[in-house]
Amino acid sequence: MNDTFLRACRGEKTDYTPIWMMRQAGRYLPEYQKVRGNVTFLELCKSPELCVEVTLQPVDLLNMDAAILFSDILIPIEAMGARLEFHEGHGPTFPEKVRSQADVDRLIVPEPDEATDFVMETIRLLRSELKVPLIGFAGAPFTCATYLIEGGSSKVFWETKKMMFTQPILFHKLMDKITQCTILYLLAQARAGAQALQIFDSWAGILAPCDFEHFALPYVQRIIFKLQEETDIPIIYFANNGATLLDMSISSGADVIGLDWRINIGEAVRRVGQKAVQGNLDPFALMLPKEELRERIKGILDGAEGAFGHIFNLGHGIHQFTPPEQARCAVEAVHELSSR
Ligand code: 1CP
């Protein structure tokens with residue numbers, strides 16, 4: 001068992017810096033495309049055997065030091081009773097947008113072992129096959145709420161901010177319900193065998209710091225506090241576009257702080273102090289010629305030298321047109337350059 005990733009999360013000595021990549025299972029891999037060619041995205045998410053297959057692909061093909069459960073942040077949200085659709089070539093949609101008290105009341109807090117049994121089954125199957133640690137995950141309540149309120153992806157988040165500013169009580173009720181659901185869902189993943197849990201706050205960066213502090217952070221803190229009460233596995237919090245929210249991200253209580261690429265890692269390490277960091281290569285830097293990519297990677301490794309712990313990762317998900325060969329080179333470079 002290669003436990004380098006878990007050791008780095010806990011700030012223990014490692015032989016080299018472990019690496020995995022956000023969205024490492026997915027469309028940039030022809031092997032994923034092949035599996036996906038026969039099923040819809042939601043069918044894939046609900047077929048444990050296929051989820052196991054695509055979760056293992058980047059670990060086997062690219063030599064990653066951790067696996068991340070193949071699923072989506074919107075799967076537990078669908079289980080709350082929100083009809084979810086993925087149309088080919090588009091992002092997710094919730095045709096019945098959540099905008100009123102009645103809409104929030106209609107959402108349920110499901111029992112995750114029943115409503116999302118396929119996720120727990122995927123985790124159990126993966127644990128019997130994997131030789132690297134398995135990361136489970138969920139979306140942060142704010143990020144999940146944006147999809148429900150907007151009815152899908154958004155660029156300006158008009159409806160989300162309109163609810164926050166004109167119906168704050170309703171907004172908090174929705175956040176509370178998603179939070180209850182997320183706590184149960186992540187605890188179920190831990191019971192099923194997840195060895196670390198990541199909370200993805202992909203849209204946190206659209207908020208002013210004062211609004212993040214008031215409308216989003218308390219719910220993340222509540223989730224992490226509860227998880228730490230019930231389990232001792234590392235919790236990673238990743239706020240995308242979160243450089244200006246770093247001090248508040250640290251106060252989330254997470255064991256590992258995810259970093260995007262918009263912040264210098266040396267500066268982040270100094271501010272984070274006695275917690276591990278994860279990141280922070282610009283996903284598009286994977287397009288650099290190999291020598292320059294190695295230089296870029298070396299810069300990040302050097303910057304993170306004094307870190308309590310460092311898990312190498314991209315600053316956000318790998319782009320779907322990235323040549324897998326470039327990702328493989330990056331993994332090799334991290335392993336070589338960080339070898340101690
Ligand atoms: O067509 C396809 O095959 C679907 C593409 C795809 C994939 C591969 C989607 C649709 N989701 C996923 C898998 C996924 N999503 C994983 C597991 C794979 C891995 O990491 O190896 C994870 C962790 C996620 C998490 C996720 N889903 C996030 C948070 C991370 C991030 O990138 O910010 C978000 C925001 C989503 C929503 C979502 N699902 C899919 C898409 C295209 C989107 C984003 C839409 C948008 O931009 O709003």
Taking segment 248-281 and keeping residues away from the ligand (no atom under 16 Å from the Cβ), polar (S, T, N, Q) and buried (at least 20 other Cβ atoms within 10 Å of the Cβ) leaves S252
Taking segment 63-91 and keeping only residues that are surrounded by fewer than 21 Cβ atoms within 10 Å (Cβ to Cβ), within 23 Å of I311 (Cβ to Cβ) and more than 10 Å from the ligand (Cβ to nearest atom), one is left with N63
Taking segment 2-36 and the residues there that are within 16 Å of the ligand (Cβ to nearest atom) and assigned to a helix (DSSP H, G or I), the one that is surrounded by the fewest Cβ atoms within 10 Å (Cβ to Cβ) would be P30
Query raised in the report: Residues in segment 144-160: is at least one closer than 26 Å to D247 by Cα and away from the ligand (no atom under 14 Å from the Cβ)?
Result: no
Given (1) surrounded by fewer than 23 Cβ atoms within 10 Å (Cβ to Cβ); (2) away from the ligand (no atom under 16 Å from the Cβ), G205 misses just (2)
Counting only residues in segment 77-96 that are acidic (D, E) and part of a loop (DSSP other than H, G, I, E, B), the one farthest from E111 (Cα to Cα) is identified as E88
So, first residue on the phi > 0 side of the Ramachandran plot in segment 148-164, second residue β-branched (V, I, T), Cβ within less than 8 Å, six or more apart or across chains; the pairs are G151/T93; G152/T93; F157/T146; F157/I206
Of the candidates F312, F284, F321, the one satisfying the condition of being surrounded by 17 or more Cβ atoms within 10 Å (Cβ to Cβ), within 16 Å of the ligand (Cβ to nearest atom) and on the phi < 0 side of the Ramachandran plot is F312
The number of residues in segment 181-202 that are more than 12 Å from the ligand (Cβ to nearest atom) and closer than 16 Å to I135 by Cβ is 13
Flagged in segment 220-247 as touching a residue at least 24 places away in the same chain (Cβ under 8 Å), away from the ligand (no atom under 16 Å from the Cβ) and either assigned to a helix (DSSP H, G or I) or closer than 29 Å to N264 by Cβ (or both), in numbering order, are Q221, R222, I224, F225, K226, L227, Q228, E230, P234, T244, L246, D247
Over segment 117-155, the set of residues under 19 Å from the mean Cα position of the chain (by Cα), assigned to a loop (DSSP other than H, G, I, E, B) and surrounded by fewer than 24 Cβ atoms within 10 Å (Cβ to Cβ) is V132, S153, S154
It is to be established whether one or more residues within segment 163-176 are farther than 16 Å from Y237 by Cα, within 16 Å of the ligand (Cβ to nearest atom) and in a helix (DSSP H, G or I). no
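All of the numbers you see were taken from the coordinates with simple rules; none came from a lab. All values derive from a computational prediction rather than experimental measurement. FYI the Cβ positions are ideal-geometry reconstructions off the backbone, even for glycines, and counts take in every protein chain you see.
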